[in-house]
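*Asks:* Dropping the structure in here first, questions after.
The values are calculated or read from the model by the stated rules, or taken from the named source; none is laboratory data. Since this is a predicted model, take the numbers as computed values, not measurements. Neighbour counts are summed over all protein chains in view; Cβ atoms, including those assigned to glycine, are modelled from backbone coordinates with ideal geometry. The accessibility values were calculated without ligands, DNA or RNA, using every heavy atom of the protein model including side chains. Shrake-Rupley method; radii C 1.70, N 1.55, O 1.52, S 1.80 Å.
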Amino acid sequence: MTSQETVDHKYVYDFAEGNRDLKDLLGGKGANLAEMTNLGLPVPPGFTITTEACQAYLATGREPDGLAGQIEAHLESLERGMGRRLGDPHDPLLVSVRSGAKFSMPGMMETVLNVGLNDRSVVGLAAQAGGNERFAWDSYRRLIQMFGKTVCEVPGEEFEHALDEAKRARGTTSDLDLDADDLRGLVDAYKKIFLKHTGRDFPQEPREQLDLAIRAVFESWNAERAVLYRRQERIPADLGTAVNVVAMVFGNLGPDSGTGVAFTRDPASGAQGIYGDYLANAQGEDVVAGIRNTVPLQDLERLDKRSYDELLDIMARLEGHYRDLCDIEFTIERGKLWMLQTRVGKRTAAAAFVIAGQLVDEGLIDLDEALHRVNGAQLAQLMFPRFQLDHDFEPVARGVGASPGAASGKVVFTSARAVELAAEGEAVILVRRETNPDDLNGMIAARGILTSRGGKTSHAAVVARGMGKTCVSGADEIDVNVPAKRFTVAGQTVHEGDVVSIDGTTGKVYLGEVPVTPSEVVRYFEGTLDPHEADDALVKAVHRIMTHADAARRLAVRANADTGTDAARARRFGAQGIGLCRTEHMFLGDRRELVERLILARTDTERADALAALLPLQRDDFVEIFREMDGLPVTVRLIDPPLHEFLPPLEQLAVDVAVAQERGEDVAKEEALLAAVRRMHEENPMLGLRGVRLGLVIPGLFAMQVRAIAEAAVRVTRDGGSACPEIMVPLVGAVQELETVRAEAEKIIAEVVGDSGVEVLIGTMIEVPRAALTAGQIAEAAQFFSFGTNDLTQMGWGFSRDDVEGAFFWRYLELGIFGISPFESIDRDGVGRLVRIAAEEGRAARPGLKLGVCGEHGGDPESVHFFHSVGLDYVSCSPFRVPVARLEAGRAAVETVGSDSR
Ligand code: PEP
Ligand code: MG
């Protein structure tokens, strides 16, 4: 901007000039004060200095040109309107100077009240207040205190000490017992404190007070606590705050005055009614400071019926106008009601659903809007059991909240012990340094999983989320010693059998048992709670909004499920098929021996025998899943992980062999196994012999799986069911890989399926960047694509899925390189671009190509919106996230461009 433009630029808005849509410019408080003013509600007059003025001040360290003149003009007009001048010795106008950013940052920035008081106007104020000297001197001492602390960084304790001293001298503990003389003395004491710390007298010039207070509010945008709060709430750092200069009204002028806060509905439950607190003869900060106990707002009816009725009337008008729950702050000055603030009120997840439903009933919003008023994160919160933390529980450690929920139980360190104790009916928490596929049984048996290593996509996290099981991963303050069956944390030792509690939402770990409440919403999704019969307003509201989301959404929602049990649960939760059935879990447990035989086979016959033994087991697995998913598509992925993951770890095997040799035992088999493990060792297994590469290198492996899938489908169909298998090839990077696998698979399918009527699709995962970039070629050979965004993120960023989150993401988050882990929410610009390119080029080559996503992002609310926008057909996620994905897919479909859901 040129300096002339700066001078002309409008930095100050009268309340009558603004409206609620100007939050960017006027901040939330300013925009809503303007809105109330224009509604004709009793708002004390004032004006707002824009966030742009703040941004300019923070950038240059001085007020932008033109600001001072505009403040002067608006102040004059305020003075004219009020018939008083700022700080006039005889009849002073006083103002408050309040911060107010676009997004509410409660208590994080500064406010200065009573600006305009000085040694002379304090007398005028007493006269204005009908000779109430006590009130005038109390207001003056409050100004010096707030101004000193906020504007001049005088330590607040010094003022507190002086106040305590005055009370002690008077022999009381209550501020109210101090009389005008005491307070006059206190003003003197405060002035001395001010002089001592600032080297100057307390400013007597009202306009100087005002300018310094405005500047202090600007600067409070960068106060440490505000910076911290913004980081946590993901509020951009460059917005700045607006400053509201408002004519003071006083709630501390006597028993016919007071101040209060209120909600138009209960922000905790959503219940209709009046919720609020009132404090007679007090100013707003007294309520916050808790100096005296407030009374329920309903008591105001008795104290001041006229103001009470007017307040109720205003609250109803505000709700009707904002079409939402509002919270308000008000003051009554000698029987006259003033509105000091309103905004759309924050609420709990439960209240969000209940209120959205009520507003539809009241005709204030339609169902599309109701859907917009809730979100997947809130629904997820409602689905997990929760700790009742009404008692004092201090966490002993904090890790990554890897899979939400709350679980308490006895600590166990091995999968076997977890299974054993669970069979005895004990609740257990499986504690490991990190989990591996061998821990699966223990994870199933446990109430929750706690690991000291790994992030949100570690094995423990992914598997736990799939099972809807609580998991805290990467709690690195915990030192796990499995052989000794104990862990240490914060100087304490926890042994097997001791009870711990873990919160998978916050990542907090507690010693001992914290009581837990189960979720009604899950009972509803599981079908054990009928929404029409439940007398629970929340369940009814969830049902209604979910029904609308399902009707509105374009994206289908499938589940990632590997067993009949998971498939059945996913179906109850509304899954429209399986988007990813990982087959590797089917090679564990007592089948491990067959996998070893396969790996150790020296001849074609030995290998064929091992595969033949695996075939019927695999077929039974698929039969179970196809039956559960009767009539719905099931995407089965051919085996993906490197085969050595099914063998014992090298170090352990080497030790076992050496010990057995020492004892002179026959170790021929173990030696062969050891040799195989050594031979198959890889430095970078995630980039090694896995996925489609296995199918190309190990003869008969994929063929066995394809045959098992086709045979299972035929059996289910012959039994009168309907199986719709989709065979998916993992880790494809080049069309030739897929063509080779497909040619072999098609032969087997044709042979098995015959005239059974079963149709088997063959498609591929898109999870290697090269596949995304050559999607046009790959689509020629694929009947569907499913985006494996876990690997696509790993390979797109070059971030190891298993290591980076715990290792250094904190620094990336701190530096703002990303606001959220790209493993959690899709990185739209990079990995998302790969998805978009592949979707477009794939469909260009094969119109109507079916597109889905089965990486963890399929259940992430933000990412679901992205997948909707790039035109995928479905998202697939863990069964417990299916309702969240349904809701978000509905929201994406009704979303209006540029809407602001914060
Ligand atoms: C993926 O990579 O996104 C995926 C779904 O496969 P996995 O997580 O099994 O590698
Ligand atoms: Mg993958």
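*Asks:* Within segment 590-609, is even one residue modelled with pLDDT of 95 or more and either at positive phi or not in a helix (DSSP H, G or I) (or both)?
*Replies:* no
*Asks:* Something else about it: So, in segment 533-587, of the ones that are among the hydroxyl-bearing types (Ser, Thr, Tyr) and more than 16 Å from ligand 2 (Cβ to nearest atom), which residue ends up surrounded by the most Cβ atoms within 10 Å (Cβ to Cβ)?
*Replies:* Once the filter is applied, the top-ranked residue is THR563.
*Asks:* Let me ask something else. For segment 263-376, list the strands (runs of 3 or more DSSP E) that sit wholly inside it and hold at least 2 residues that are touching a residue at least 60 places away in the same chain (Cβ under 8 Å) and open to solvent by less than 50 Å² (accessible area, probe 1.4 Å); which are they?
*Replies:* Details: elements: 272-280, 326-333, 336-344.
It comes to 326-333, 336-344.
*Asks:* Considering only segment 653-667, I want to know if a residue exists there that is in contact (Cβ under 8 Å) with a residue 40 or more places away in the chain and either away from ligand 2 (no atom under 16 Å from the Cβ) or of a type outside the set (A, V, I, L, M, F, W, C) (or both).
*Replies:* no
*Asks:* Would you check which residues across segment 761-802 are of a type in the set (Val, Ile, Thr), away from ligand 1 (no atom under 11 Å from the Cβ) and open to solvent by 10 Å² or more (accessible area, probe 1.4 Å) and list them?
*Replies:* Start the filter on segment 761-802 by keeping residues that are of a type in the set (Val, Ile, Thr), which leaves 762, 764, 766, 768, 774, 778, 789, 793.
Filter again for away from ligand 1 (no atom under 11 Å from the Cβ), leaving 762, 764, 774, 778.
The one that is of a type in the set (Val, Ile, Thr), away from ligand 1 (no atom under 11 Å from the Cβ) and open to solvent by 10 Å² or more (accessible area, probe 1.4 Å): THR774.
*Asks:* Let me ask something else about it. Against the condition in contact with a helix residue (DSSP H, G or I) (Cβ under 8 Å, 6 or more places away or on another chain), of a type in the set (A, V, I, L, M) and either open to solvent by 30 Å² or more (accessible area, probe 1.4 Å) or over 14 Å from GLN783 (Cα atoms) (or both), how does ALA839 come out, does it pass?
*Replies:* no
*Asks:* If the requirement is being open to solvent by less than 10 Å² (accessible area, probe 1.4 Å) and away from ligand 1 (no atom under 16 Å from the Cβ), which of these qualifies: VAL716, VAL735, VAL758, VAL729?
*Replies:* Criteria check complete, one pass: VAL716.
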